[in-house]
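If you scroll down you'll find the structure; I have some questions about it.
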Amino acid sequence: MIPSRRVQDIPDGSLPGQCRILCGRCFALDFPTFNETNQRFRFGTTEWDVTSNPMSWGAKNPRFLLLGVSKGPNQIISVADPAKHSVVAFDGLRETITEALRLLGLMRHDETVEQKIRPTEVDWAFGSVVRCSLGTVDEHGKVHKTQKVVGRWLRWGKVIAGSKNAYRPTTASYHLDWKRSCFSQMMMPMLPRAAGPSQRLKAA
């Protein structure tokens, strides 16, 4: 069974490791219910849905940290099943990412992303810029979590960089910068083994 860890219990300077994360920072809750607690906000003409289901994979003190944007349509299918936790990260993209990392010299020819997504991994960690899942809400109230949603989120830099103008009628604390909030909660301070700028530049 995959463990669940509260963000309050994760030591400073450490990533969560391979687990579900119980984080209510952006929901004004100390104990959110995984994959059930959610909230909606309007940004521009689009209504967005954020579901509390942050997850983590791999090392707690990695040398390399690979981040996606948010959970896409392939990943979201397996989120609810604890037995499929290891399936979620970069599902459908692992072979392509492996080839890219080999090309950059960050993985040997006999290594794969598939091998690295494991609780015992020491060098690689995996996650996303915003670890909760994002979706858009249509006129019928149905939530869509598709590649188009992630693409729209990427194009709308303001949604990533800061939803300070977002509106949620129930609490003023909703005016948050999602990217900064998630980064400061999940990945600060920087990890001592993470590659510095010179190493990243050399690899690129």
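The values are calculated or read from the model by the stated rules, or taken from the named source; none is laboratory data. Being a predicted model, the structure only gives us computed values, none of them experimental. Glycine gets a Cβ as well: all are built from the backbone with ideal geometry, and neighbour counts include every protein chain shown.
Just checking, how many residues over the stretch 1-27 are of a type in the set (Lys, Arg) and touching a Cys at 6+ places or on another chain (Cβ under 6 Å)? Before you say what the answer is, go through the steps one by one.
From the stretch 1-27, those of a type in the set (Lys, Arg) are 5-6, 20, 25; that's our starting set.
Filter again for touching a Cys at 6+ places or on another chain (Cβ under 6 Å), leaving 5.
Residues meeting the conditions: 1.
Okay, residues lined up against (1) under 13 Å from the mean Cα position of the chain (by Cα); (2) under 24 Å from Val122 (Cα atoms):
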site: Thr51; (1), (2): yes, no
site: Pro62; (1), (2): no, yes
site: Leu65; (1), (2): yes, yes
site: Val69; (1), (2): yes, yes
site: Asn74; (1), (2): no, no
site: Asp81; (1), (2): no, no
site: Lys84; (1), (2): no, yes
site: Phe90; (1), (2): yes, yes
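Identify all residues within the stretch 120-137 that are at pLDDT 85 or above and assigned to a loop (DSSP other than H, G, I, E, B); write none if there are none.
Thr120, Glu121, Val122, Asp123, Arg131, Cys132
I need the full set of residues from the stretch 97-120 which are more than 17 Å from Gln18 (Cα to Cα) and hydrophobic (A, V, I, L, M, F, W, C), in order please.
Once the filter is applied, which keeps residues that are more than 17 Å from Gln18 (Cα to Cα) and hydrophobic (A, V, I, L, M, F, W, C), the stretch 97-120 yields Ile97, Ala100, Leu101, Leu103, Leu104, Leu106, Met107.
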